[in-house]
Amino acid sequence: MPPHSPHRRHWTLAPDLVFLNHGSFGACPARILELQHELRREMEASPVQFLYRRYDQRMQESRLALAGFLNANPQDLVPVTNSTTAVNAVARSWPLQPGDEILTTNLDYNACRNALIGAAGGAGARVVVAEIPFPVVSPEAVVAAVLDAITPRTRFAMIDHVTSGSALVLPAEEIVRELESRGIRVLVDGAHAPGMLPLDFAAFQPSWYCGNLHKWTCAPKGCAFLWAREDARQDLQPAVISHGNNSPRPGFTPFQDRFDWSGTYDPTPWLCFGETLRLLDGMLPGGWAAVRAHNFQLAREARALLCGEFGVHPPCPAEMLGSMATIPLPARFQHSDHHGPFAPEQLRLHDEFRIEVPFMRIGGLRCLRVSAHLHNRREEYQYLADALDRL
Ligand SMILES: Cc1ncc(COP(=O)(O)O)c(C=O)c1O
């Protein structure tokens, strides 16, 4: 087994697990899980006080912490349990006419594509898929592929900030600028971005942006946000309609009234969020900027190491990397006709070597994706290369 990163002690990952898939599900630090446990005890000790009387004030504290982290106006932010829920809310709220087109890309996330297809189908609209070539040569090639797919019927687009399987940081700012200047509203699916990329909503203002806080910022599962520009939230309804439509609260916007409560649930992931931000911020002397830089640097090193060991070329320029890297598998693994969630090699790596790493097929190319967070260290990627060699 490779040695642990000195930061690993903050996490509750199994001691014998080499966890290289923070991209699918982030791991939450022990101290935050303890805080969540305390909050849950408080909730169960006095449910009405916790979920009703004190809820708004506590959620507001978390919202303010998030607003500071994103340099956003708190009025533009609402809680959701995950990015899938946020994409559903936006896709289903946008008024579509028969013949309208919704634009997405071939590298989008399946669940979110399904939300678009569901919304389009109900209105007689259709989903158009821009084909981003993978391997990709440059951010400009991505912009060109998206712009190529626009037609006079394109009304609405969903663009990933960081793609899922292919782990590309897309030039979201430029795409948003190009599309919105043509009157096409853009939802940025930033599921991976918070904690991975610096976000500044004073400068970057698509119509809508959603992000997960349970991935790279390491909040407990079920913590995400939706940001909406003021002119893009009039008709915006949550995926689940609750009291908010006719229950205005002093000091909150109608957008917040609609989204802040979607029926009884466990809000503790959100209530832990301010402390989650502070804890990670304190793990390195440079705070969050240093955490992002550490992860970015480790992902680059991991990619260089694995590309060298596999004898393959990197599938994108380094400027398109965040804290994950997708790497084509060596030639001898390319001929598998396996399709489905768990490749046999992925299962063997887990069961025989205790490595958690996802395999995927992008176009015709079989790849694996590694992630890098403070709990990882370089030796883990070498261990992966050696293990793959022994399969
Ligand atoms: C690009 C992208 N969008 C959306 C999601 C969905 O996130 P969640 O399951 O938290 O809704 C993911 C999950 O990995 C993703 O990668």
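None of the figures in this text is laboratory data; all of them are computed from the coordinates on show. Everything numeric here is computed off the predicted structure, so don't read it as measured data. In this analysis, Cβ positions are derived from the backbone assuming ideal geometry, glycine residues included, and neighbour counts consider all displayed protein chains.
Given H placed 1.01 Å from N in the peptide plane, which residues other than close sequence neighbours of L103 have an amide H under 5 Å from its amide H?
V128, R155, F156, A157, M158
So what is the relative contact order of the chain, in percent, for Cα pairs below 8 Å that sit 6 or more residues apart?
Details: 715 pairs, mean separation 87.7, N = 391.
So the answer I get is 22 percent.
If you build a Gaussian network model of the chain, linking Cα atoms that sit under 10 Å apart, which residue out of G26, G118, G286 swings the most?
G286
Quickly estimate the mean residue ellipticity at 222 nm for the chain, helices only: each DSSP H run with n ≥ 4 gives -39500 (n - 2.57), and the total goes over all residues, rounded to 500.
-11000 deg cm²/dmol
Sort T85, T217 by Cβ crowding within 10 Å, fewest neighbours at the top.
If I rank by nearby Cβ atoms, fewest first, I get T85, T217.
Could you give the distance between the Cα centres of the stretch 323-352 and the stretch 298-319, to the whole Å?
Comparing the Cα centres of the stretch 323-352 and the stretch 298-319, I get a distance of 16 Å.
Ordered by packing density, taken as the mean number of other Cβ atoms within 10 Å over each peptide's residues, highest first, how do 316-325, 29-38 rank? It would help to have the intermediate numbers written out before the result.
Working: 316-325: 21.7, 29-38: 16.5.
My ranking of the peptides, most packed first, is 316-325, 29-38.
Pop out the ³J(HN,Hα) list for the stretch 320-330 in order, Karplus 6.51 cos²θ - 1.76 cosθ + 1.60 with θ = phi - 60°, rounded to Hz; leave Gly and Pro as x.
Residue by residue, the stretch 320-330 yields 9, 9, x, 9, 10, 9, 9, 10, x, 6, x Hz.
Where does the charge balance sit around P98 when Lys and Arg score +1, Asp and Glu -1, over other residues with C-beta under 13 Å from its C-beta?
Values: positive: R126, R153, R155; negative: D100, E101.
So the surrounding residues net to +1.
Quick one: 3J(HN,Hα) in Hz for the stretch 66-83, Karplus 6.51/-1.76/1.60 with θ = phi - 60°, rounded, Gly and Pro as x.
Values per residue, Gly and Pro as x: 5, 4, x, 5, 9, 6, 10, 7, x, 5, 8, 10, 9, x, 9, 7, 6, 5 Hz.
Separation of the stretch 223-268 and the stretch 42-66 by C-alpha centroid, Å?
Here the answer is 16 Å between Cα centres.
Quick one: putting +1 on the C-beta of Lys and Arg, -1 on the C-beta of Asp and Glu, what dipole do you get for the chain around its Cα centre, in Debye to the nearest 20? Mind showing how you got there, number by number?
Details: 36 positive and 41 negative charges, 89 e Å.
Around 420 debye, computed over the chain.
When the Karplus curve 6.51 cos²θ - 1.76 cosθ + 1.60 is applied with θ = phi - 60°, which whole-Hz ³J(HN,Hα) does each residue of the stretch 309-316 get, with x for Gly and Pro?
5, 7, x, 10, 8, x, x, 7
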